[in-house]
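Heads up: the structure comes next, in structure tokens.
Here, each number is a calculation from the coordinates, and none is a lab measurement. The shown structure was predicted, so the numbers you read here are calculated from the model rather than taken from an experiment. Cβ placement follows ideal geometry from the backbone for every residue including glycine, while neighbour counts extend to all protein chains displayed.
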Ligand code: ADP
Ligand code: MG
């Protein structure tokens with residue numbers, strides 16, 4: 001479990017900077033093992049800072065973060081925390097270091113001093129999860145953006161972290177790349193039992209999570225299952241975020257007098273409800 005307790009993180013130090021607002025402002029949040037949490041928030045709301053605090057890259061200004069009970073402020077446990085909570089960034093080009101796909105995925109776990117056989121198994125398994133096994137001898141620069149990002153994800157997965165934090169991993173990808181990366185994320189969560197924290201600005205991705213946390217100016221504004229969070233259409237719009245188009249349309253139809261369920265997330269649900277309503281309308 002990840003426990004974030006009253007976290008404050010400020011990039012500014014010293015008295016002359018006292019008026020600068022902190023990037024994370026008294027944020028508390030818990031992430032259970034096995035959960036898939038999506039984090040939303042407009043640019044500058046503190047999402048990347050939060051990700052870096054969770055895996056101990058940044059130390060809290062105040063408050064604390066516990067990863068499986070270990071405090072990120074403790075020097076003795078920081079390596080343990082980093083190996084339990086792996087971080088994937090937005091730009092796959094900045095994360096790929098080796099000249100073949102399999103060497104790249106092996107790069108992290110190699111440093112753990114694993115036996116050759118164990119290392120090979122891990123690399124094959126990780127590439128298999130992200131469906132990149134057939135490309136293992138390929139040079140990374142020959143891959144598409146989505147394929148590169150899946151290799152970067154495999155590199156983190158091969159370290160066998162329990163928690164995988166992905167910071168807008170699909171932001172630089174085309175729709176096909178986005179779909180394949182999302183598929184890999186869902187598979188890691190559902191089949192490999194990894195806890196996922198996905199920072200994204202795509203509603204289509206957020207609705208697939210178990211829970212959504214919405215950040216605004218370093219604070220946690222809304223939090224709950226996607227169906228509940230996206231009911232707050234006006235709050236979301238106020239902070240410059242969208243809700244799924246069908247959710248907003250449903251809200252408008254309800255205001256116009258149609259007896260629909262407001263917590264609609266997908267087109268299929270929308271069409272079902274509308275058909276149901278039309279069929280019952282005499
Ligand atoms: P997000 O990922 O949601 O876009 P960030 O965590 O990157 O937000 O940024 C949160 C706040 O911290 C913003 O106001 C941003 O300008 C500020 N910030 C981010 N990185 C730095 C930095 N290296 N130095 C100073 N301020 C920073
Ligand atoms: Mg960011």
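Residues of segment 141-150 include at least one that is within 16 Å of ligand 2 (Cβ to nearest atom), in contact with a helix residue (DSSP H, G or I) (Cβ under 7 Å, 6 or more places away or on another chain), closer than 18 Å to residue 96 by Cβ and in a helix (DSSP H, G or I). The condition of being within 16 Å of ligand 2 (Cβ to nearest atom) and over 12 Å from the mean Cα position of the chain (by Cα) does not hold for residue 159. Among residues of segment 162-179 being more than 17 Å from residue 91 (Cβ to Cβ) and out of contact with any strand residue (DSSP E or B) (no Cβ under 9 Å at 6 or more places or on another chain), the one that is surrounded by the most Cβ atoms within 10 Å (Cβ to Cβ) is 179. If the condition is being in a helix (DSSP H, G or I) and closer than 20 Å to residue 141 by Cβ, then segment 100-125 contributes 101, 102, 103, 104, 105, 106, 107, 108, 123. Counting the residues of segment 35-59 that are more than 6 Å from ligand 1 (Cβ to nearest atom), in contact with a helix residue (DSSP H, G or I) (Cβ under 6 Å, 6 or more places away or on another chain) and either within 20 Å of residue 82 (Cβ to Cβ) or part of a loop (DSSP other than H, G, I, E, B) (or both) gives 4.
Is it the case, given these coordinates, that residue 105 is in contact with a helix residue (DSSP H, G or I) (Cβ under 6 Å, 6 or more places away or on another chain), within 16 Å of ligand 1 (Cβ to nearest atom) and on the phi < 0 side of the Ramachandran plot? Here the answer is no, as residue 105 does not meet what is asked. Going residue by residue through segment 190-203, is there one that turns out to be in a helix (DSSP H, G or I) and in contact (Cβ under 8 Å) with a residue 12 or more places away in the chain? Checking segment 190-203: at least one residue is in a helix (DSSP H, G or I) and in contact (Cβ under 8 Å) with a residue 12 or more places away in the chain. One residue stands out in segment 56-71 among those that are within 17 Å of residue 33 (Cβ to Cβ) and touching a strand residue (DSSP E or B) at 6+ places or on another chain (Cβ under 9 Å): the one that is surrounded by the fewest Cβ atoms within 10 Å (Cβ to Cβ), namely 69. Going by the conditions given, is residue 159 touching a residue at least 24 places away in the same chain (Cβ under 8 Å), surrounded by fewer than 19 Cβ atoms within 10 Å (Cβ to Cβ) and under 17 Å from residue 51 (Cβ atoms)? Spelling it out, it is not the case that residue 159 is touching a residue at least 24 places away in the same chain (Cβ under 8 Å), surrounded by fewer than 19 Cβ atoms within 10 Å (Cβ to Cβ) and under 17 Å from residue 51 (Cβ atoms).
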